[in-house]
Amino acid sequence: MLKFYRLITFESMQELNFPQYPFRLKSSENKPLIFDEIRKKFVRLTPEEWVRQHTVAHILNVYHYPISLVNVEKELKLNQVSKRYDVVVFKPNGNIQLIVECKAPKIKINQKTFDQIARYNLALKSDYLMVTNGLNHYYCQMDYEAKKYIFLPDFPVYTP
């Protein structure tokens with residue numbers, strides 16, 4: 001059962017359109033840090049990281065994906081150029097179930113955002129895409145035959 005916690009945050013982090021999760025926060029050298037459960041370390045708390053950590057917590061707590069299937073901030077090559085994806089969720093067989101592109105809350109989600117995740121998906125071949133700025137979430141299922149994505153109201157819950 002999902003528990004909701006009252007979260008005490010650093011002043012610069014705004015409330016997002018996610019349940020509140022119990023993050024481990026600290027400050028080091030006057031810089032806010034948040035513990036990343038996937039990378040197993042504290043990382044700099046930026047507005048985009050705030051969205052990423054909420055997204056990961058949501059994938060684990062609401063969609064029930066095992067932590068072992070979730071990957072964060074890894075490099076991929078696109079036409080000899082290094083890029084970093086925000087979140088990837090794998091299937092148990094190693095194929096990619098979901099790619100997530102996270103933006104800071106002040107960044108508007110637009111066609112450029114979808115073009116970015118579509119470029120990543122050329123290399124990753126995911127079944128689903130999610131784009132979020134923490135306030136607005138968009139879910140898509142890939143239709144590779146028709147070469148398009150289909151908008152969905154939500155993302156599927158994990159089924160082993």
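We did not get these values from a lab; they are worked out from the coordinates using the rules stated. These numbers were taken from a predicted model, which means no experiment stands behind them. No Cβ is skipped: glycine too gets one built from the backbone with ideal geometry, and neighbour counts run over all protein chains shown.
Here are the numbers:
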{"item": "Residues that are in a strand (DSSP E or B) and touching a residue at least 60 places away in the same chain (Cβ under 8 Å), drawn from region 63-119", "result": "none"}
{"item": "Residue among L98, L60, L122, L45 that alone is farther than 22 Å from K26 by Cβ and either crowded, with 17+ Cβ neighbours inside 10 Å or of a type in the set (F, W, Y) (or both)", "result": "L98"}
{"item": "Of residues in region 26-40 being among the charged types (D, E, K, R) and under 16 Å from D86 (Cα atoms), the one surrounded by the fewest Cβ atoms within 10 Å (Cβ to Cβ)", "result": "K40"}
{"item": "Qualifying residue in region 142-149 (condition: assigned to a loop (DSSP other than H, G, I, E, B) and charged (D, E, K, R))", "result": "yes"}
{"item": "Candidates F35, F42, filtered to the one that is over 28 Å from P160 (Cβ atoms) and part of a strand (DSSP E or B)", "result": "F42"}
{"item": "Pairs with Cβ under 8 Å, 6+ apart, first in region 30-55 and within 13 Å of N133 (Cβ to Cβ), second of a type in the set (K, R) and outside any helix (DSSP H, G or I)", "result": "P47/K106; E48/K103; V51/K103"}
{"item": "Residues within region 23-32 that are assigned to a strand (DSSP E or B) and not small (G, A, S), tallied", "result": "4"}
